[in-house]
Amino acid sequence: MVGKNEVLEAIRSRRSIRKFKSQQIGRDELDAVLEAGTFAPTGGGAQSPVIVAVQKPDVVEELVKMNAKVLGSGGNPYYGAPTIVVVLASPKKWATYVEDGSCVLENMMLAAYSLGLGSCWINRERQMFDSPEGKALLKGWGIGEDFVGVGAIALGYPDCALPAAAERKDGYIIKI
Ligand SMILES: Cc1cc2nc3c(=O)[nH]c(=O)nc-3n(C[C@H](O)[C@H](O)[C@H](O)COP(=O)(O)O)c2cc1C
């Protein structure tokens with residue numbers, strides 16, 4: 001029988017958070033989340049992704065506008081989170097770049113939850129960083145044009161209760 005286990009408990013309990021306090025997270029908390037991302041497994045051990053942590057309000061605002069434009073909405077797709085962590089990866093570096101970036105994102109969300117932070121995976125970075133504005137941002141960040149957006153997490157102190165998990169669907173697991 002599997003006993004009490006903090007990792008399994010975090011995996012079961014983590015939920016997407018969509019309401020954040022405006023107060024910025026601590027530097028040590030951010031660093032712990034980012035480091036967890038760097039320890040994700042990657043195809044071939046190639047460490048194909050790069051992680052960009054954005055806290056400068058004007059750049060956060062730029063990402064909000066770019067994402068909303070792709071979404072076709074006037075709202076804030078990052079739910080007002082004070083930190084946005086973008087994960088990009090290059091198909092030129094390794095064929096599993098999307099899977100690699102996804103592992104990085106999940107590691108960071110679990111690390112965030114373990115520290116009492118809220119996070120939510122936010123989509124559309126692929127289109128954002130394929131656009132001329134996205135390419136300009138990459139250039140400014142010193143990241144090659146071959147990098148594509150895999151995803152991002154909205155990160156901050158939660159300003160809501162932890163939502164309940166949806167029931168796990170029947171047939172999720174097949175044992176042969
Ligand atoms: C690939 C991917 C893309 C997602 N994109 C968004 C998004 O753009 N906006 C959002 O609010 N949530 C997004 N989510 C979060 C999911 O909606 C959420 O994980 C799902 O509803 C299950 O809820 P939970 O994370 O609380 O278990 C995304 C999740 C994944 C894995």
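The values are calculated or read from the model by the stated rules, or taken from the named source; none is laboratory data. Since the model is a prediction, treat every value here as computed from it, not as a measurement. Ideal geometry is used to build each Cβ from the backbone, glycine not excepted, and the neighbour counts take in all protein chains shown.
Could we say that residue 91 is in contact (Cβ under 8 Å) with a residue 60 or more places away in the chain and either in contact with a strand residue (DSSP E or B) (Cβ under 8 Å, 6 or more places away or on another chain) or closer than 21 Å to residue 43 by Cα (or both) here? Steps first, please.
Values: in contact (Cβ under 8 Å) with a residue 60 or more places away in the chain: no; either in contact with a strand residue (DSSP E or B) (Cβ under 8 Å, 6 or more places away or on another chain) or closer than 21 Å to residue 43 by Cα (or both): yes.
Criteria not met by residue 91.
Here residue 17 qualifies as farther than 25 Å from residue 137 by Cα, within 16 Å of the ligand (Cβ to nearest atom), surrounded by 12 or more Cβ atoms within 10 Å (Cβ to Cβ) and under 14 Å from the mean Cα position of the chain (by Cα).
For segment 88-103, enumerate the residues that are buried (at least 23 other Cβ atoms within 10 Å of the Cβ) and either under 14 Å from residue 17 (Cβ atoms) or within 11 Å of the ligand (Cβ to nearest atom) (or both).
Across segment 88-103, the qualifying residue is only 101.
Just the residues that are more than 10 Å from the ligand (Cβ to nearest atom) and crowded, with 18+ Cβ neighbours inside 10 Å, please, taken from segment 122-133. Once the filter is applied, which keeps residues that are more than 10 Å from the ligand (Cβ to nearest atom) and crowded, with 18+ Cβ neighbours inside 10 Å, segment 122-133 yields 128, 129. Against the numbered list (1) of a type in the set (Lys, Arg); (2) part of a helix (DSSP H, G or I); (3) modelled with pLDDT under 95, residue 126 comes up short only at (3). Checked against (1) surrounded by fewer than 17 Cβ atoms within 10 Å (Cβ to Cβ); (2) within 25 Å of residue 157 (Cα to Cα); (3) free of Cβ contacts under 8 Å to residues at least 60 places away in the same chain; (4) in contact with a Ser or Thr (Cβ under 8 Å, 6 or more places away or on another chain), residue 44 passes all but a single condition, namely (2). Could you list, in sequence order, the residues of segment 134-157 that are under 18 Å from residue 76 (Cα atoms) and away from the ligand (no atom under 12 Å from the Cβ)? Within segment 134-157, 134, 155, 156, 157 meet the criteria. Among the residues of this structure, residue 175 counts as one that is among the basic types (Lys, Arg), over 27 Å from residue 48 (Cβ atoms), part of a loop (DSSP other than H, G, I, E, B) and more than 12 Å from the ligand (Cβ to nearest atom). Report yes if some residue within segment 104-121 is assigned to a loop (DSSP other than H, G, I, E, B), away from the ligand (no atom under 11 Å from the Cβ), of a type in the set (S, T, N, Q) and surrounded by 15 or more Cβ atoms within 10 Å (Cβ to Cβ); otherwise report no. No: zero hits. Summed over segment 71-84, the residues that are within 14 Å of the ligand (Cβ to nearest atom), crowded, with 18+ Cβ neighbours inside 10 Å and at negative phi give a count of 4.
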